[in-house]
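The structure appears below as structure tokens.
The values are calculated or read from the model by the stated rules, or taken from the named source; none is laboratory data. In this text, all values refer to a predicted model and were calculated from it rather than measured experimentally. Cβ placement follows ideal geometry from the backbone for every residue including glycine, while neighbour counts extend to all protein chains displayed. Surface areas here come from the heavy atoms of the whole protein model, side chains and all, with no ligands, DNA or RNA. Shrake-Rupley method; radii C 1.70, N 1.55, O 1.52, S 1.80 Å.
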Amino acid sequence: MISFWRWAQSAGLVIALGFATAMAVSDAKAETLFRLGVSEDALTLDPIASSDNPSIWAELLIYDTLIRPGTNGVDLEPGLAEKWTVAPDGKEYVFTLRDAKFSDGTPVTADDVIFSLKRAAGEKSDWARFFKPITSYEAVDQRTIKMTLETPFTPMLNNLALFSGAILPKSAETDPEFFTHPVGSGPFVLKEWRKGDRLVLAKNPHYWQQGKPAVDMAEVQVISEDNSRILKLQAGELDAIINVPFNQLKQLQSTAGIKTSAADVFRVEFVQLNTKKKPFDDQKVRQALNYAIDKQGIVDSVIFGNAVPAVSSISIMRYHNTDLKPYAYDPDKAKALLAEAGLAEGFSTTMLLPAGDSTLRNVGAVIQDNLQKIGVKVELQTLEGGAQWDTTKSGNYDMSLSYATSDTIDPDQLVGFTMVNPERANAYHTEWKDDRVNELYEAERKTLDGPEREAQFKEIEARVHEGAPYIFLYHQRAAYAWRDNVEGFAVLPTSNYRLEDVKMK
Amino acid sequence: MYLLRFTILRFVQMLPVLIGITLCVFLLLRVMPGDPATLILGRRGTAEDIARLTAQLGLDRPLWQQYLMFLWDIAKGSLGQSIAYRAPVSAIIMERLPATLLLVAYSTVLTVLITVPLAIFVAMRKDRPADLLVKGLFVVLMSLPPFWLGILLILLFSIKLHWFPVSGYGSNIIENIWYLFLPALVIALATSALTIRSLRSSIIAVATADYVDTARAKGLRPGTVMRRHILRNSLVSTVSVLAVHTSWIIGGTVVVESVFAVPGLGYLLVSSIFTRDYPMVQGLTVTFAMLVVLISLLTDIAYALIDPRVRYD
């Protein structure tokens, strides 16, 4: 077998030579590099054209906003603006900029702020609605901006803390290629973006926070496969990863050299009920369904304990009504309520599930099983994300397993989306309508932050809890892991991360 | 010069194929429920926001206009603007094309390196234990999901032995070859299961031909007989199998790409379908179609090289 060995030998030689060289090359290392593994790549770095998390999180590392959500997810903290005032009538906001520079060394001025916010409210912006309440801007001096609103709009401050309100240099206006080499005042500068592979970030030498970032370089590597991402962390090819599947969290926890955590993020899982359809038009039936679901059971068996049961369709955040308790797991009470509604025999129905989400698929199976026990037979229908939205929007469904997330730390966004009808989505397609909730929503948006606004939100949440247009399920945490040579990596309540706080030991 | 004429003819023949494919993809995409503007803005936008974005993307025009615009873009050598990336489709495809091409070429080379020696080896031991063992082994390899085989190889070669990186692509050609070894091997092992069997049976058939006996009678050494007379005549059918398989790999490496985090076109296609990035899916389909034609062209050239009787007039 001469030919066989000749093949094998020459092939082996070529491969061995190749690897020897490759290993020699890869030994050259940067000064301090932090490598984060994520599951999806960013799509764009244009803040007014982003709606996917990977793009948003990347933008938050490159750009600054005037103010930003604190790491506790409750308060706003200074960003580019070192201080701000809101007039008592809620119609005038004045921001004072700190002495900050863009990554190209030019100072951040009032003109840059006005340009960026007008752009965010403009024709091309997907987020215009969030910035339109500001009707005029005035550059009082190079570091002071006065914004005027025609009518008071309390969520405005939170909207300004959104990534889409990122401050860009005015020169971006004339540069059609700006977002391939973006300039911002954030902690990092984009060095290279290999699409689908990684985002290479370098420390911004002009960053306004002294001593940050602590690392010279940061790489956000895209590894869509969960197992590969975990294996890469274990092999030391990554320093931290996000989106750890819950079923692997425990095992990873007990791995030497690796630490894990699960962050409370602004997210809520629920089942939408089509309140226009029988029998879901009856509040008793909707409450019965809530009593029939063993939420803690789902949290323990499917989410491995990484969630807390929910009381309503907004996440646990500022102004959350802590007096409310989740519907207890009580099949007898559920049956009694069904009987009161004239459905003692139960009924048959269908529930939509998003395709490709194995966690929600398992949750769907538990719900099916729980409801079977009170005589409600559920047929599961798996639909791909876009199709599920279209189906619920058209009103042609019974129940639909879904979730919602919040972009801001103020409940206004989720209340508007999941509780108010019509507003944007007819209470997220449940068609549930409560005049008092609508009234409170209008009032809340005009009331300055404080006890009065808190009371309004608490009443809204209590009414929705009672009206039960959803089966309220749980708030899922975001699991992440890091190697023990990393310090300060954390997923924030807003789901993003501040890599400027990361240190390598 | 016949080859040049043949090549041009091939590309001309491709035009109706291309129109057929683009029309199918175009219509299928529009039939799918869910539109890009709703997917982008759904949870956050109002109905007016969605209508504005739909108009901005040109998706409010009649279908035939949209299709003609798409064809016009191709004629101009552009593939339009990606909805998700807000950047030219061709630029994004070109960024990712090298990884896919390298993976396809690499796995094809590995397939040949695995197939030829093993097929000769088992053909000469027909129905003996070694033959059955190899056959059994590759049936198992072929039936393993690539996902699982990939994880197994990572566990062995990356985690235990540290020979190869777990995943990724690398930043220069030498790194690329190092990083892509395991993913290419996963594809090559599955492909080899087919090609080894095809080549084995051809070798066995050809080995009984009269001209092989003649060659042996001339006193040629067994190795020379194998190389010059048996192998060369056996290869044609295997090249066909390999070519069909390679064409399939171009768009079908999604699983391998995601396990090994290779920034290739397969994964881009799947995620673009989910985001309803119509121009991107259309552009990728055109690219795949052209690559498949290119591969069949290369296959024809390979036939000509293997078998001098093959002529394309």
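Look at the alpha carbon pairs under 8 Å that are at least 6 residues apart: their mean separation over the length of the range B:98-238 gives a relative contact order of 32 percent. Here is the P(r) of the range A:396-505: all C-alpha pair distances, binned every 5 Å from 0, give 2, 10, 17, 18, 14, 12, 9, 7, 6, 4, 1, 0 in whole percents. In order along the range A:80-97, the Karplus-derived 3J(HN,Hα) couplings, from 6.51 cos²θ - 1.76 cosθ + 1.60 at θ = phi - 60°, round to 5, 8, 7, 8, 8, 10, 10, 5, x, 7, x, 10, 9, 10, 10, 10, 10, 6 Hz, and Gly and Pro are given as x. Which lysines, if any, have their Cα less than 20 Å from the Cα of A:Lys91, not counting same-chain residues under 8 positions apart? Within the straight-line limit of under 20 Å, A:Lys91 reaches these lysines: A:Lys83, A:Lys118, A:Lys132, A:Lys146, A:Lys446. Between B:Met280, B:Met94, B:Met32, the residue with the greatest mean-square fluctuation in the GNM of chain B (Cα pairs under 10 Å linked by springs) is B:Met32. Only protein atoms count toward the accessible area here, which uses a 1.4 Å probe; on the range A:230-297, the carbon and sulfur part of that area reaches 44 percent.
Going from the isolated chain to the complete set of protein chains, the range B:94-111 loses at least 50 Å² of heavy-atom accessible area (1.4 Å probe) at B:Glu95. For the range B:225-277, the Stokes-Einstein estimate of translational diffusion at 37 °C and a viscosity of 0.692 mPa s comes to 245 µm²/s, using the Kirkwood hydrodynamic radius over alpha-carbon pairs.
Shielding by partners for peptide B:167-177, expressed as the average number of C-beta atoms from other protein chains within 10 Å of each residue's C-beta, is 6. In the full protein context, the protein assembly as shown carries 42 Å² of accessible surface per residue, based on a 1.4 Å probe and ignoring ligands, DNA and RNA. Burial annotation for the range B:230-267: residues with an accessible-area loss of at least 10 Å² between the isolated chain and the complete set of protein chains, computed on heavy atoms with a 1.4 Å probe, are B:Ser258, B:Val259, B:Ala261, B:Pro263, B:Tyr267. Note on chain B: with a GNM built from Cα contacts shorter than 10 Å, the maximum mean-square fluctuation among B:Trp72, B:Trp64, B:Trp148 falls on B:Trp64.
From Cα pairs below 8 angstrom and at least 6 apart in sequence, can you work out the relative contact order of chain A, rounded to a whole percent? The value is 19 percent.
Taking every DSSP bridge with both residues inside chain A, close to 75 percent are antiparallel. Of the residues B:Arg228, B:Arg276, B:Arg43, A:Arg445, ranked by 1.4 Å probe accessible area with the largest first, the sequence reads B:Arg228, B:Arg43, A:Arg445, B:Arg276. Considering all different alpha carbon pairs of chain B, the Kirkwood hydrodynamic radius works out to 22.4 Å. Under the classification rounded if a/c is under 1.5, otherwise prolate if a/b is larger than b/c and oblate if not, where does the range A:42-141 fall, given a ≥ b ≥ c as square roots of the Cα gyration tensor eigenvalues? Judged from the Cα gyration tensor, the range A:42-141 comes out rounded (a/c under 1.5). Of the GluC sites (Glu not before Pro) found in the range A:136-208, those in coil by DSSP whose Cβ has at most 12 other Cβ atoms within 10 Å are A:Glu150, A:Glu177. List, by residue number, every residue in the range B:116-130 with a reduction of 40 Å² or greater in accessible area between the chain on its own and the complete protein assembly, 1.4 Å probe. Residues of the range B:116-130 that lose at least 40 Å² of accessible area once the other chains are added: B:Pro117. In the protein assembly as shown, helical runs assigned H by DSSP with n ≥ 4 each contribute -39500 (n - 2.57); averaged across all residues and rounded to the nearest 500, the mean residue ellipticity at 222 nm is -15000 deg cm²/dmol.
Of the solvent-accessible surface of the range B:99-247, computed with a 1.4 Å probe over protein heavy atoms with every protein chain present, carbon and sulfur atoms account for 70 percent.
Excluding same-chain residues fewer than 8 positions from A:Lys203, which lysines have a Cα within less than 21 Å of its Cα? Filter leaves A:Lys29, A:Lys101, A:Lys191, A:Lys195, A:Lys212, A:Lys503, A:Lys505.
Note on chain B: GNM, Cα springs under 10 Å; of B:His162, B:His229, B:His245, the largest mean-square fluctuation is that of B:His162. Computed 3J(HN,Hα) for the range A:296-307, one whole-Hz value per residue from the Karplus formula 6.51 cos²θ - 1.76 cosθ + 1.60 where θ = phi - 60°, is 4, x, 4, 4, 6, 8, 9, 9, 6, x, 8, 6, glycine and proline marked x. Measuring nothing but alpha carbons in the range A:176-258 and taking Rh as the Kirkwood radius, the Rg to Rh ratio lands at 1.07. Restricting the calculation to Cα atoms, the range B:93-148 yields a radius of gyration followed by a Dmax of 15.5, 49 Å.
Report the local net charge at B:Gly150: Lys and Arg +1, Asp and Glu -1, summed over other residues whose C-beta lies under 11 Å from its C-beta. Charge balance near B:Gly150 sits at -2. Taking only alpha carbon atoms, chain A gives an Rg to Rh ratio of 1.02, where Rh is the Kirkwood radius. The calculated FRET efficiency for A:Glu138 paired with A:Asp75, based on their beta-carbon distance and R0 = 22 Å, is about 0.20. Could you compute how much accessible area chains A and B hide from each other, both sides summed, with a 1.4 Å probe? Nearest 100 Å² is fine. Protein heavy atoms only, the A-B interface buries about 4900 Å². Summing charges over neighbours of A:Glu123, with a neighbour being any other residue whose Cβ is under 15 Å away from its Cβ, gives +2 when K and R count +1 and D and E count -1.
Neighbouring Cβ atoms from other chains, within 10 Å of the Cβ of residues in B:46-54, number 3 on average. Extending 7 Å from Cα along the Cβ direction at B:Val140 and again at A:Glu150 yields two label points whose distance is 7.5 nm. Between B:Gln81 and B:Val89, the built amide H atoms are under 5 Å apart, and every one of these is 5 or more places off in sequence or on another chain.
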